[in-house]
Amino acid sequence: MNGPEIQISFAPALRLFVAADRRAGRTAVATDGSSSLGHVVESLGVPLTEAGRLLVDGRAVEPSHVPAAGETVEVEGVARPQSVPGAPLRFLLDVHLGTLARRLRLLGVDAAYESQDIGDPALAARSAEERRVMLSRDRGLLRRRELWAGAYVYSDQPDDQLRDVLGRFAPRLAPWTRCTACNGPLTEADKDTVRERLEQGTENTYDVFAQCTECERVYWRGAHHARLETIVSDALREFGGTAARETVL
Ligand SMILES: [Zn+2]
């Protein structure tokens, strides 16, 4: 591109996306005179899902703004917590984020997950159809126009991923209300109803049961919960401002 030259800088949180020589501060970019600022930002490596306000000479503009020569552009990171208007907050996770999906479900957050790689077009279509925020570490997927909304997951460690998503979107937490296996809602179940699904030791030892309304998996409060209890209590302590106490377990 050898059209109008602008100066551009990125918020610290976005610098991992851009080339090393653009991380220190403001640098020059030659645009083509017709592409939008959103396109320019993406072409420099930053998914638009991660860009907050775009400031041109200190004034916020839309991504459709076409840069003119001499403009100074600042690209901010997304505001946290980030609101996603237009639908109840729910997520769709790609094939690499299975642990994160199960942890979100454990906290009662609606987290659909594709355990098979169905491909970017199908994921993006499902995000649009079900109005789910696409969570991924794949920048190419996050650039797809069909997405309802999307967010880059910054860490490859499940503990950090969970804190990232909870801090960014502040979903309402309702631990132990959702099936970690399939994302279906849990409902209370009495022992007689689920008896045939229990092993003898379980039947004798435990008596608080819940069952998934979709896959019929049975849950009970037991010793195996210790590790999961820690995940829940840590999340509630840090992000549980609006946690609902409607647990069925
Ligand atoms: Zn289920």
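Tally the residues that are over 30 Å from the mean Cα position of the chain (by Cα) and either basic (Lys, Arg) or at pLDDT 85 or above (or both), restricting the search to region 195-242.
Result for region 195-242: 2.
Hey, among THR27, THR49, which residue is farther than 16 Å from ALA79 by Cβ and not assigned by TED's automatic domain parsing to the domain that holds LEU135?
Numbers: THR49 fails: farther than 16 Å from ALA79 by Cβ.
None of the others qualify; the one that does is THR27.
Give the residues of region 115-168 that are among the basic types (Lys, Arg) and closer than 18 Å to ALA79 by Cα, sorted by residue number.
Initial filter on region 115-168 (among the basic types (Lys, Arg)): 126, 131-132, 137, 139, 143-145, 163, 168.
Selection gives ARG163, ARG168.
Given (1) outside the structural domain of LEU166 (by TED's automatic domain parsing); (2) modelled with pLDDT under 95, identify the lone condition not met by HIS39.
(2)
Would you check if there is a residue in region 112-134 being within 24 Å of SER43 (Cβ to Cβ), touching a residue at least 40 places away in the same chain (Cβ under 8 Å) and surrounded by fewer than 18 Cβ atoms within 10 Å (Cβ to Cβ)?
Checking region 112-134: not a single residue is within 24 Å of SER43 (Cβ to Cβ), touching a residue at least 40 places away in the same chain (Cβ under 8 Å) and surrounded by fewer than 18 Cβ atoms within 10 Å (Cβ to Cβ).
Name the pairs: first residue in region 177-197 and closer than 13 Å to ALA111 by Cα and aromatic (Phe, Trp, Tyr), second residue away from the ligand (no atom under 15 Å from the Cβ) and modelled with pLDDT of 95 or more, Cβ to Cβ under 6 Å, at least 6 apart or on different chains?
Pairs that qualify, where the first residue is closer than 13 Å to ALA111 by Cα and aromatic (Phe, Trp, Tyr) and the partner is away from the ligand (no atom under 15 Å from the Cβ) and modelled with pLDDT of 95 or more: there are none.
The values are calculated or read from the model by the stated rules, or taken from the named source; none is laboratory data. As the structure is a prediction and not an experimental result, all values here were calculated from the model. Reconstructed Cβ throughout: ideal geometry from the backbone, glycine too, with neighbour counts over all protein chains shown.
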